[in-house]
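Dropping a structure here in structure tokens format, bear with me for questions.
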Amino acid sequence: MLMELPASFDPYRAATANEVIKNQFASPEFERLKQSVLSIGDGPLDVELAFSTDTAGRSYLKGIVSLTVELECQRCLQGKPEPLTAHLDLVLLRHEGQIERYEGDSEPVLIEDDGLDLRTLLEDELILALPIIAMHDEDCQSWQDETESEIDDTESEPERENPFAMLAQLKKD
């Protein structure tokens, strides 16, 4: 049986201990993600997170989160399974002033006094990983049917007489 994803915890303690979370969790109820997709797959939420600190005492969270969802294909309007993968590279900061002074490459995240809301953070990252336009590859059946019918239509049309053919004859005379 899959474990439940913890709602919140102390990321600074995890960073000080250089904790690594690598596990498959039961898919949580991501309400905001559900609004953007047809459905969330039955598969697990794959999580690989590494907490660490640097020499300046800043805490970091790096990792990968993946989940399969079903999106609506914009060609055929049918469901399409889509694996989402979010790459996290975050620096965990306690005060807004630290965000303004931070000059590193990691994305700053302000952590409230009650800890890191891991579910919300992961849901946000997965929403950002959604494709702009979801489409099947070339195997989209509805699209193939339309393309084939368009090709058939152009092949079955009789050749029309060029309206300027008469002008060509006048030019010859």
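The values are calculated or read from the model by the stated rules, or taken from the named source; none is laboratory data. None of the values given here were measured: they were computed from a predicted structure. No Cβ is skipped: glycine too gets one built from the backbone with ideal geometry, and neighbour counts run over all protein chains shown.
Just give me the residues in the stretch 16-67 being in a loop (DSSP other than H, G, I, E, B), of a type in the set (Gly, Ala, Ser) and over 15 Å from LEU116 (Cβ atoms), in sequence order.
Within the stretch 16-67, ALA26, SER27, SER36, GLY41, GLY43, ALA56, GLY57 meet the criteria.
Under 9 Å between Cβ atoms, which residue pairs at least 6 apart in sequence (or on different chains) link something in the stretch 74-99 that is free of Cβ contacts under 8 Å to residues at least 60 places away in the same chain and under 29 Å from ASP46 (Cβ atoms) with a partner that is exposed (fewer than 15 other Cβ atoms within 10 Å of the Cβ) and hydroxyl-bearing (Ser, Thr, Tyr)?
Hits for this filter: GLY79/SER39; VAL91/TYR102; LEU93/TYR102.
Each row is one residue, and each column tells you yes or no for (1) over 18 Å from THR16 (Cα atoms); (2) over 17 Å from the mean Cα position of the chain (by Cα).
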{"position": "ALA50", "(1), (2)": "no, yes"}
{"position": "LEU67", "(1), (2)": "yes, no"}
{"position": "ARG75", "(1), (2)": "yes, yes"}
{"position": "VAL91", "(1), (2)": "no, yes"}
{"position": "GLY104", "(1), (2)": "yes, yes"}
{"position": "LEU128", "(1), (2)": "yes, no"}
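I've got another one for you. Please find, within the stretch 121-152, the residue that is nearest to ASP89 (Cα to Cα) out of those that are modelled with pLDDT of 70 or more and touching a Lys or Arg at 6+ places or on another chain (Cβ under 9 Å).
ASP124
Same structure again: Of the residues that sit in the stretch 79-126 and are of a type in the set (Ser, Thr, Tyr) and assigned to a loop (DSSP other than H, G, I, E, B), which one is surrounded by the fewest Cβ atoms within 10 Å (Cβ to Cβ)? Give the steps one after another, and end with the answer.
Applying the first criterion (of a type in the set (Ser, Thr, Tyr)) to the stretch 79-126 yields 85, 102, 106, 120.
Those still in the list that are assigned to a loop (DSSP other than H, G, I, E, B) too: 102, 106.
Values: TYR102: 13, SER106: 16.
My answer is TYR102.
Going through the stretch 127-142 one residue at a time, which ones are over 28 Å from ALA50 (Cα atoms) and assigned to a helix (DSSP H, G or I)? Can you show your working first?
Keep residues of the stretch 127-142 that are over 28 Å from ALA50 (Cα atoms), which gives 132-142.
Once the filter is applied, which keeps residues that are over 28 Å from ALA50 (Cα atoms) and assigned to a helix (DSSP H, G or I), the stretch 127-142 yields GLN141, SER142.
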